[in-house]
Every structure is written in structure tokens, then in C-alpha cells.
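Structure first, then comments.
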Ligand SMILES: [Zn+2]
């Protein structure tokens, strides 16, 4: 993949598209369309002399046009009001409105920008690192170490028993909102072991017949969700009351607040619902 960095005084190639982040917010207009002409996106920014420099990075081609992504972490220097009805939208809040190809571009850009920002220095010897001119790699000229984009594999699992599911409410969820069990795979674990461990740690039950369903990039900040459906085996529900504050069995209809189909957790629930309907 081509990787280029420019100062704010240079322009992006003609007809390029730009995804612009300020922190975790996307700058877009009322259409919630996240990709806009770079010239349009940067016109207001280049007029404002007191705005900070931002760096942009090439992501991919979209219908023959190069797509770039840029992020500023310098919140306080950005205006509250943007011209032409542009405003800030939280990336997560926009998820239900994004089509798959837009989501993939934004997820890719967000993760690469975060990785680049977090690896400006060599993690082995501490010298300043530089971007490889062609690869997605941060290179250290002092010791030769290369740092590649990090992706954290996570499991997410729907536990089933007959026509019921066991869903849990994380302490960070809004009241009444339940979802699947999820967590990071630990070093040395197989994916299936990660499913067994996370489920037992979070809700105190054991499971069997772990079936892979699908995966989804989850750029908050750099996870890869591996989705499974599994069958309850044994044990009583037990939550720690800190990370997981509540868990219970029920039919999917018994949980009015749960993830939508844009998230892999919602897709797992739909896949399970489909199997029940066909039985
Ligand atoms: Zn080094």
C-alpha cells in the first residue's frame, strides 16, 4: 500500500477523497456521507491560519479516486462550527448509517492513523521511527526494528440453550442494553479456549459446540472480532458485578435493547434467530 505524509501546506492530489477525523469524531455534513472531496473538506481549514497541521495518509481507491484519511487530536484548535453544514459526528454513532464499503475504508484509515501516532518511536530502542515509503511499517534506523500495524484478535460469542440466549450487560452499557460475551484472546490461547475462558469469567457457565460464524473489523481502536455461536453446557450464571453487572437467559424478543445488525453481535443474534425459524 502506498503511504505518503504531507505537511498542511501541500494539497492532496486533484479529485481525491478525504475522510477527516477530529479525535474520534468524523467531520461530515447532514447526509452523514463520510467521504467528501478533499478540496471541499480542506477549503475552510486552509483559510484558518491558527488551525494545527494535520497529516494525511493514503488508504485505498474508491471508483478510481484515491481516498485519504486524516486525523487531528488537537481538539481545542478546531472550531465548533464548520462551514457548509459540516459538523462532528461520533464514529460509533454513525455506524448504523454506514454501508459496508464506507465502514471498511473508515475502519482502515482510523486504525492506520492510530497505529502511526502510537508508534512514532521505536519500542525496542526508543529512537525516532519513520514511515516505510511503501509498506505499512514504522522503521527504526538505529536498530533496524520494524513495527507493523497491530490488530488485537477478540472473541465474541452468543450462548444458546434451546430457543433462549444468555446475554450480559456490561457496566459501560446503558440501562437495559444487553449483548454477547466478548473479550481479548490471551497469548498462548487458541480461539476456542478464549471463548471458553471469557464466557466462564464473565458469566460463570461452560459451553460446548463452539461454531465460527463470521468476523468484523472493530476499529475502537484496533480489534478484530471473531464471532461464534455456542451451546450452553453447565453451570449457574454468576457475574463479577464490576465489568459485567447483569446476565440472564431469555428469548431474543425478551431483550428489547440489543445491538443492531451493523455490529457482529447483532449479526450473531440474527443468525441464531434464522436457525430457530427454519427448525
Ligand atoms: Zn530501534
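The values are calculated or read from the model by the stated rules, or taken from the named source; none is laboratory data. A quick note: this is a predicted structure, and the numbers were derived from the prediction, not measured. FYI the Cβ positions are ideal-geometry reconstructions off the backbone, even for glycines, and counts take in every protein chain you see.
You will find that of 163, 141, the residue that is outside the structural domain of residue 102 (by TED's automatic domain parsing) and either on the phi > 0 side of the Ramachandran plot or without any contact (Cβ under 8 Å) to a residue 24 or more places away in the chain (or both) is 141 and no other. Taking the criterion of being within 16 Å of the ligand (Cβ to nearest atom), free of Cβ contacts under 8 Å to residues at least 12 places away in the same chain and not in a helix (DSSP H, G or I), the only residue of region 95-121 that qualifies is 121. When 165, 245 are screened for being within 26 Å of the chain's Cα centre (by Cα), surrounded by fewer than 20 Cβ atoms within 10 Å (Cβ to Cβ) and part of a strand (DSSP E or B), only 245 passes. Every condition in (1) within 21 Å of residue 91 (Cβ to Cβ); (2) surrounded by fewer than 17 Cβ atoms within 10 Å (Cβ to Cβ); (3) more than 16 Å from the ligand (Cβ to nearest atom) is met by residue 156 except one, and the failing one is (2). Note on region 138-153: residues that are assigned to a loop (DSSP other than H, G, I, E, B) and away from the ligand (no atom under 13 Å from the Cβ) total 4.
Among residues of region 122-137 being under 18 Å from residue 150 (Cα atoms) and not in a loop (DSSP other than H, G, I, E, B), the one that is nearest to the ligand (Cβ to nearest atom) is 130.
Residues in region 248-269 that are surrounded by 12 or more Cβ atoms within 10 Å (Cβ to Cβ) and not in a strand (DSSP E or B): 15 in all.
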